[in-house]
Amino acid sequence: MQISHSPTVTYSPAYTIVPTYECFNRCTYCNFRTDSGKSPWMTLSAAESLLKQLQSKDVCEILILSGEVHPSSSRRQAWFQRIYDLCELALSMGFLPHTNAGVLSYEEMQKLKTVNVSMGLMLEQLNPVLLNTVHKYAPSKVPEVRLQQLECAGELQIPFTTGLLLGIGETEDDWWETLEAINRLHQRYHHIQEVILQPHSPGYQQTFDAPSFDLYKLPEVVFKARQILPADITIQIPPNLVKDDRWLLACIEAGARDLGGIGPKDEVNPDYLHLQVEALQEILQHAGWEVVPRLPVYPQFDDWLSVELQTAVKRSRCREGQSE
């Protein structure tokens, strides 16, 4: 059993695998996507070689993060099968998969539940005005579509992560409306593990002409989010996007308690290198916080998982020295 003498902030020892960067959405702030045909799909043999190397590293979570193939595309089934096979492979090699592959159908989510301990999808913002600006060429960013996926996750009892993208043209009222919508769904299904508050951080690839989100406002957003969301939802802040230590600590003091997946590269924000655990520990320990690892599924959701997944989780908890 892990004994802590200081208040704790968690992170997930993670590695991100990208089945493909191709995506039919064209969000103007995106620094991840490529056009169809310009991103070879990751093969299972390449993934296996990579995962073998990671078995000797301090990695627990494999984040399967993918661009989206259009639901009506003739390649959709092959794309989905590749994601499923990558999850199954990671699981078989001792890792815990967490998939975020954009908008999925109920049937796709139901199948992925068998090989994932948790899943995720960012709501970003619910203001439909953004469909005329940053999401003009992003059909799967329709707010109702994304809310529907959160509802499907609840119906399927999938431990879920969602979040807000801050600074893409929304208003402050939009923040609270989006958080309230998350809260309403959680009150119904009790399935949201974490809410990420991600500040827009410009990258080299995007066409969206806007500055970084003002970090001065971020602790205020965290504080208000903590008031809106119930205590069993953890608020996550990406530390690589909060470069000033003072603002990172202010966000934690305001109620953020998780730093997300820490690995060698932030695929969504490749211009912003992850702070490694040792650096985060130094920053936080000086302020009286202890940084501790966690699994991609929180303990209160373990009994939602299949027997096979529960066995894998129990094995990982024992390795991490966590109590049952």
Next on the checklist: Exactly one condition in (1) closer than 30 Å to Leu44 by Cβ; (2) assigned to a helix (DSSP H, G or I); (3) small (Gly, Ala, Ser) is false for Ala181; which is it?
Outcome noted: (1)
Checklist outcome for this item: Scanning the range 258-278 residue by residue, the ones that are surrounded by fewer than 17 Cβ atoms within 10 Å (Cβ to Cβ) and either closer than 15 Å to Asp58 by Cβ or among the basic types (Lys, Arg) (or both) total 5
Checklist outcome for this item: Out of (1) at pLDDT 95 or above; (2) touching a strand residue (DSSP E or B) at 6+ places or on another chain (Cβ under 7 Å); (3) outside any helix (DSSP H, G or I), the one Leu91 does not meet is (3)
Checklist entry - Got at least one residue in the range 144-157 being in contact (Cβ under 8 Å) with a residue 60 or more places away in the chain, more than 22 Å from Ser72 (Cα to Cα) and either touching a Gly at 6+ places or on another chain (Cβ under 7 Å) or surrounded by 21 or more Cβ atoms within 10 Å (Cβ to Cβ) (or both)? => result no
Next on the checklist: I need every pair where a residue in the range 283-310 that is under 21 Å from Lys243 (Cα atoms) and free of Cβ contacts under 8 Å to residues at least 40 places away in the same chain has its Cβ under 7 Å from the Cβ of a residue that is surrounded by fewer than 18 Cβ atoms within 10 Å (Cβ to Cβ) and not hydrophobic (A, V, I, L, M, F, W, C), sequence separation at least 6 or different chains.
Outcome noted: Ile283/Asp245
Checklist entry - Mind checking whether some residue in the range 38-50 is surrounded by 15 or more Cβ atoms within 10 Å (Cβ to Cβ) and basic (Lys, Arg)? => result no
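Every residue, every condition in (1) among the polar types (S, T, N, Q); (2) not in a helix (DSSP H, G or I), yes or no:
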{"position": "Val9", "(1), (2)": "no, yes"}
{"position": "Ala14", "(1), (2)": "no, yes"}
{"position": "Pro19", "(1), (2)": "no, yes"}
{"position": "Cys27", "(1), (2)": "no, yes"}
{"position": "Trp41", "(1), (2)": "no, yes"}
{"position": "Lys52", "(1), (2)": "no, no"}
{"position": "Ser56", "(1), (2)": "yes, yes"}
{"position": "Val69", "(1), (2)": "no, yes"}
{"position": "Ser72", "(1), (2)": "yes, yes"}
Next on the checklist: Just checking, does the range 161-171 include any residue being in contact (Cβ under 8 Å) with a residue 24 or more places away in the chain, closer than 25 Å to His186 by Cβ, more than 20 Å from the chain's Cα centre (by Cα) and assigned to a loop (DSSP other than H, G, I, E, B)?
Outcome noted: yes
Checklist entry - Only one residue in Thr234, Thr171, Thr162 is farther than 19 Å from Gly255 by Cα and at pLDDT 95 or above. Which one? => result Thr171
Next on the checklist: Out of everything in the range 215-231 that is at pLDDT 95 or above and not aliphatic (A, V, I, L, M), what residue ends up being surrounded by the most Cβ atoms within 10 Å (Cβ to Cβ)?
Outcome noted: Pro219
Item to check | Single residue of Val292, Val268, Val313 found to be touching a strand residue (DSSP E or B) at 6+ places or on another chain (Cβ under 9 Å), part of a loop (DSSP other than H, G, I, E, B) and among the β-branched types (Val, Ile, Thr) | outcome: Val268
Next on the checklist: Tyr29 - would you say it is in contact with a Lys or Arg (Cβ under 9 Å, 6 or more places away or on another chain), buried (at least 20 other Cβ atoms within 10 Å of the Cβ) and either at pLDDT below 95 or among the hydroxyl-bearing types (Ser, Thr, Tyr) (or both)?
Outcome noted: no
Next on the checklist: Of the conditions (1) part of a helix (DSSP H, G or I); (2) more than 21 Å from Glu68 (Cα to Cα), Glu144 satisfies every one except a single condition; which number is it?
Outcome noted: (2)
Next on the checklist: Being closer than 30 Å to Ala210 by Cβ, surrounded by 15 or more Cβ atoms within 10 Å (Cβ to Cβ), touching a residue at least 60 places away in the same chain (Cβ under 8 Å) and touching a strand residue (DSSP E or B) at 6+ places or on another chain (Cβ under 8 Å): is that true of Leu86 here?
Outcome noted: no
Item to check | Subset tally (residues that are in contact (Cβ under 8 Å) with a residue 40 or more places away in the chain and part of a helix (DSSP H, G or I)) for the range 131-141 | outcome: 3
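The values are calculated or read from the model by the stated rules, or taken from the named source; none is laboratory data. Here the structure is a predicted model, which is why all the values come from computation and not from measurement. Heads up, the Cβs are rebuilt from the backbone with ideal geometry, glycines too, and the neighbour counts pull from every protein chain shown.
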